[in-house]
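The structure appears right after this line, and notes come after that.
The values are calculated or read from the model by the stated rules, or taken from the named source; none is laboratory data. Worth saying up front: this structure is predicted, and the values here are computed from it rather than measured. Virtual Cβ from ideal backbone geometry, glycine too; neighbours counted across all protein chains shown. Heavy atoms of the whole protein, side chains included, go into the accessibility calculation; ligands, DNA and RNA do not. Shrake-Rupley method; radii C 1.70, N 1.55, O 1.52, S 1.80 Å.
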Amino acid sequence: MPPAQTRVDTLITNAYIVLEASGAGTDAQQQALAAGREIDDGWIALDAGRVHSAGPSTLPAPAAARVIDAGGRLVTPGLVNTHHHMYQNLTRAFAPAINGTLFAWLSTLYPRWAALDEESTYLSTYVACAELLLSGCTTSSDHMYVHPRPNLIDAQIKATTEIGFRFMANRGSMTRSVKDGGLPPESVVQDEETILSDSERLISSFHDPAPGAMTRVALAPCSMFSVSESIMRATAELAEKHDVRLHTHLAEDKDEDTYALEVYGRRPVEYFEDVGWATPRSWVAHYVYGSAEENQRLAAAGVSATQCPSSNMILAGDTADAQALRSLGMPVGIGCDGSASSDSANLWMETRGAMLLARYRNGPAAMSAREALSMATAGSAANLGWSEEIGHLHPGACADLVIWESAPLSQAGALTDPVEGWLRSGPARGWYVLVAGTPLIESGELTLRELADVLPRHAAAAAAMQGLN
Ligand SMILES: [Zn+2]
């Protein structure tokens, strides 16, 4: 009998590894290496869907069933997307909507989205996950708030389960249609009883609170424009009862201030607090227009925020001062937002966008590549209440990671800091992308068997929704 030896599933060698992203300033890399947050020329071992161990090449690595030679490439934790509306890739760059304000854009698209069914929801989720994987995203939430037919979230979870993608479904909702002073048409809203009972059904069917879960469920009324005060309260109570996360849009648009004052007699954040949402289980999308005092109150309450850089810029709204929010101790994650507003679901690009926006706003020292990567990993993991297991690569973490494709041309000459080079000199895409230790991208190619069949079906569904056939 040979001596007992540790043997793991997968060993990645010859890599520059970021176990945990943080740091700024000219000595950020040296500090990260000295603190063991990064490893130059190292290996990382994965076993049973978890990070087993990591070390420099000077230390012996465990034996492995499979060895991937990273060829000196950068390895980071998988990026985490915390705000999206995947179904919207069925109306990407829809010509009649592209140059309007947020409200005009929504009003043009709602009637189109009324055609959503299980098939188109499945297809759009499948495409969205494949697209996200290419950009190094390994976990996504999705805010699905249009429910013209039942069981659309079931169709989403069918797609993410088939792919093997880590997913937090957000049971979104709308109750206030045009006739009640809301924005959406009646065909896409639901009554409160239907929403609450479907929320409970989804939690009991799909929410897995266990460590290493592949599917979780959060509750997510769309925004104060489209849901009643009572459903906000009832949803917060239901989330408490089942211990699930809460998500909504908050302070995304300047018009929201006027609307909230007119309809609720309060500012948006005051309303949010009054309906029982200022808790650590809430994360909010955008959060651009909070006052300094409101920012402090929400940070103290443990609420976290998601910045969606491309969406903010393409809709020409303002954008959150992520640096200021982070300095208050509020985690800020990154989302790509709906495909129809940002027209792209690329989390690397959004991470770069967050870095650019922070610097554009607050000067060149405002955000390093490591801080932006920290937003897309640790910040986003905090949004989802999943910090222990995702967003870093310390032993015991979920084996969700990216070996980034080397880019000989765009990174030519970027020699002094692989993390800054990665974010400044892109675009970057995943060379290997592993979720729970399983490669969903191998040697730059998606391994998703159904994709060739899904794409033409998605094209047909999108054309039908856009009235093009
Ligand atoms: Zn959104």
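Normalising the average separation of contacting C-alpha pairs (under 8 angstrom, six or more residues apart) by the number of residues puts the relative contact order of the range 406-453 at 23 percent. Working note: Karplus 6.51/-1.76/1.60 with θ = phi - 60° gives the range 411-416 the couplings 9, 4, x, 8, 10, 8 Hz, where Gly and Pro are set to x. Equivalent ellipsoid of the range 416-469: semi-axes from √(5λ) of the C-alpha gyration tensor, largest first, are 33, 18, 8 Å.
What the chain shows is 37 Å² of accessible area per residue, with the surface traced by a 1.4 Å probe over protein heavy atoms.
The label-point distance for Leu356 and Ala95, in a model that sets each label 7 Å from Cα toward Cβ, rounds to 2.7 nm. Taking the empirical scaling 2.2 N^0.38 Å for compact globular proteins as reference, the chain has a Cα radius of gyration ratio of 0.95.
Val263 sits with roughly 60 Å² accessible to a 1.4 Å probe, with DNA, RNA and ligands left out of the calculation.
Kindly state, to the nearest 0.05, the FRET efficiency for Ala63 paired with Ala414, given R0 = 45 Å and r defined as their beta-carbon distance. Step by step, r from the Cβ atoms, then E = 0.85. Each residue, Ala213 and Leu33, gets one label point 7 Å from its Cα in the Cβ direction; the gap between the two is 4.0 nm.
Computed on the chain, with alpha-carbon pairs under 8 angstrom and 6+ residues apart, the relative contact order is 21 percent.
Helical runs (DSSP H, four residues minimum) scored at -39500 (n - 2.57) apiece and divided by the length of the chain put the mean residue ellipticity at 222 nm at -10500 deg cm²/dmol. Here the relative contact order of the range 238-358, from alpha carbon pairs under 8 Å that lie six or more residues apart, stands at 21 percent. Using the Cβ-Cβ distance between Ser230 and Ser387 with R0 set to 35 Å, the FRET efficiency works out to roughly 0.65. Scanning residues 5 or more positions from Thr215 or on other chains, those with amide H under 5 Å from its amide H are Phe167, Asp208, with H placed 1.01 Å from N in the peptide plane. Rg and Dmax, both from the Cα atoms of the range 1-102 and both in Å, are 20.3, 72. With a Förster radius of 56 Å applied to the C-beta separation of Glu262 and Ala407, the computed FRET efficiency comes to 0.65.
Computed over the range 329-465, the alpha-carbon pair-distance distribution with 10 angstrom bins reads 11, 31, 38, 17, 3, 0, each value a whole percent.
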